[in-house]
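Structure record follows, encoded as structure tokens.
Where a number appears in this text, it was derived from the coordinates with a stated rule and is not lab data. Small disclaimer: the values here were computed from a predicted structure and weren't measured. Cβ sites come from the backbone with ideal geometry, for glycine too, and all protein chains shown count toward neighbours.
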């Protein structure tokens, strides 16, 4: 049973790191770009330490397509929360509809 949940938890954790790596610098726009890039690269290093095991462990119970789909849906969830709470940007109805359509599409990947 842990094989089903461990990759999901690891993907959530890795996506938190990756979201900060890719978008965290937007809250610090006066920081020189080279510092933002190097800081982001350093944060992404830890993301890989979570994402690679998530996929290695997850591939024992999920297909590669299912893992990638989970990762994309998790990315949207983490990004939406990050956008609202860190960047202080609102999520509009159009974002919710778009995310919902992506989630509907993702559900087909898990159909037998």
### Gaussian network model of the chain, Cα within-10 Å springs - most flexible of 80, 65, 51
65
### Query
Residue separation times 0.36 nm, minus the C-alpha to C-alpha distance between residue 65 and residue 48: what's the value?
4.3 nm
### Query
What is the helix-to-structure angle for 64-85, meaning the angle in degrees between its Cα long axis and the longest Cα principal axis of the chain, kept from 0 to 90 and rounded to the nearest 10?
40
### Query
Tell me, what is the FRET efficiency for residue 41 and residue 95 to the nearest 0.05, using R0 = 30 angstrom and their Cβ-Cβ distance as r?
0.60
### Query
How far is helix 33-58 tilted off the main Cα axis of the chain, in degrees rounded to 10, range 0 to 90?
10
### Inter-part distance where the range 7-66 and the range 72-112 are each reduced to a Cα centre, Å
17
### Task
Report the extension gain between residue 107 and residue 33 in nm, rounded to one decimal, defined as 0.36 nm multiplied by the number of residues separating them, less their alpha carbon distance.
22.8 nm
### Query
Considering the values (1) 0.96; (2) 1.18; (3) 1.02, which represents Rg/Rh (Cα atoms, Kirkwood Rh) as calculated for the structure under consideration?
(3)
### Query
How would you rank 72, 47, going from fewest to most other Cβ atoms within 10 Å of each one's own Cβ?
72, 47
### Task
Please find, in a Gaussian network model of the chain (springs between Cα atoms separated by less than 10 Å), the residue of 96, 77, 87 whose mean-square fluctuation is greatest.
96
### Message
Using only the alpha-carbon atoms, how far is helix 93-109 inclined from the longest principal axis of the chain? Give it as 0 to 90 degrees, nearest 10.
### Response
30
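Let me have the 222 nm mean residue ellipticity of the chain computed from DSSP H runs of 4+ only, each contributing -39500 (n - 2.57), with the sum over all residues rounded to the nearest 500.
On the way: 4 runs with 87 residues, N = 112.
Dividing the helical sum by the residues of the chain leaves -27000 deg cm²/dmol.
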